[in-house]
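Worksheet for the structure shown next.
The values are calculated or read from the model by the stated rules, or taken from the named source; none is laboratory data. Note that this is a predicted model, so its numbers are computed, not measured. Here Cβ is always computed from backbone atoms with ideal geometry, including for glycine, and neighbour counts include all displayed protein chains. Accessible surface areas use protein heavy atoms only, side chains included; no ligands, DNA or RNA. Shrake-Rupley method; radii C 1.70, N 1.55, O 1.52, S 1.80 Å.
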Amino acid sequence: MTGPRYVELQATSHFSFLRGASSCEELFSQAALAGIEAVAICDHNTVAGIVRAHEAAKVTGVRLIVGCRLDLTDGTAILAYPLDRAGYGRLCRLLSLGKARAGKGACKIDWADLAHYGEGLAGALVAIEADDLCALRLKRLKETFGDDAYLALSRRYRPGDAKRLHDLSNLAASAGVPTIVTNNVLFHEPARQPLQDVMAATRLKCLVDQLGLGRESQDGNAIKPPAEMARLFRAYPEALARTVALADSLRFNLEELAYQYPDEVSEPGKTPQRTLAELTWEGAKRRYPEGVPAKVVKLLKHELGLIEALGYAPYFLTVNSIVRFARSQ
């Protein structure tokens, strides 16, 4: 590939209620036009949009990176990326725990929860200022994620941005936490900003003209091509390269998920298939006390082979358990 590479590791879709102003389809279509290789959907405390993002990725050819922005109870914001299928499972359990605690429309997660469920996740701290609080959060991030801890450098498109990024980069270096680059995408194109402003005002219960510093977005929060991101972060070439390297390592795909039938009916020390086979031949002997006919033996072997190939043995064991219980009653 010629020219600079860039992967967007922080995109918010409209599955983040009153925050994201574009759909997954719009975000991925725009990313394809901009020449971006992959996009991480990091909605706030939810992975509800991941399936729609997965479909959009297949249509556009832009790779989906599964992610989530975790907003902790102390105000810390962390971008979490599953490194594998097990990590995705733990992320989902973490979100389920937080939502069960907080009730509808909210999520309550703290650092202790993150430490318990953080295995198999990479985490990037989203920070505004390089202050003592940020230093403390970097320390906790490092303790929680180890070598998979990062600090996300993102422009806010406000006065003093250059110094702010410089200070954050230095603070991360002193904490031993590498930096990456994100654009904090809130919509796919600048024309969508007014809608995002209305959503922010609705969430904060004020007029758009009263948003002030509560306004999250500027035109810059739209998707940008790699060359523009390279220009904006030309002072941080290592962070840009690290962003692409991290994205290349984040290969979990929803295609890896498959339904797994619960295995609660196998006999101890035996696989479901072996348990089913033993029950089948025992039943055949009861059905044919004078000897199982060769035709039946052939048929049962064929059926058992088919069940093993499809992995359906646990299902048949469940049915057997239900039938035995019904007969006993």
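Here are the numbers for this structure:
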read-out	value
Region 83-170, relative contact order in percent, only Cα pairs under 8 angstrom and at least six apart counted	26 percent
Partners for residue 163 among aspartates and glutamates (Cα-Cα distance below 14 Å; same-chain residues under 8 apart left out)	129, 131
Choice from 88, 312, 157 with maximal GNM fluctuation in the chain (Cα, 10 Å cutoff)	312
Cβ-placed point charges (K, R +1; D, E -1), dipole of the chain about Cα centre in debye, nearest 20	660 debye
Among 256, 228, 216, residue whose mean-square fluctuation peaks in a GNM of the chain (springs only between Cα atoms under 10 Å)	256
Average accessible surface area per residue within region 214-283, 1.4 Å rolling probe, Å²	56 Å²
Evaluated at q = 0.12, 0.16, 0.18, 0.23 Å⁻¹: base-10 log I(q)/I(0), Debye formula over Cα of region 178-287	-0.68, -0.93, -1.02, -1.15
Accessible area of region 102-159 divided out per residue, in Å², using a probe of 1.4 angstrom	51 Å²
Carbon and sulfur %, accessible surface of the chain computed with the full protein complex present, 1.4 Å	56 percent
Candidates 231, 69, 90, ranked by Gaussian network fluctuation over the chain, Cα under 10 Å, top entry	231
Calculated P(r) of the chain - Cα pairs past 25 Å, %	59 percent
Percent RCO, i.e. relative contact order, over the chain, from Cα pairs under 8 Å lying at least 6 residues apart	18 percent
Alpha carbon convex hull of region 1-117, volume per residue in cubic angstrom	112 Å³
Amide proton proximity set for residue 184, modelled H, under 5 Å, gap of 5+	10
Residue-span extension gain [residue 259 to residue 204] - 0.36 nm each, minus C-alpha spacing	15.7 nm
Filter on 104/205; 58/139; 58/224; 108/142 - keep pairs with C-alpha separation over 27 Å	58/139
Length added when fully stretched, residue 251-residue 119, from 0.36 nm per residue minus Cα-Cα	45.9 nm
Descending semi-axes in whole angstrom, ellipsoid equivalent of region 177-222, from the Cα gyration tensor	23, 14, 8
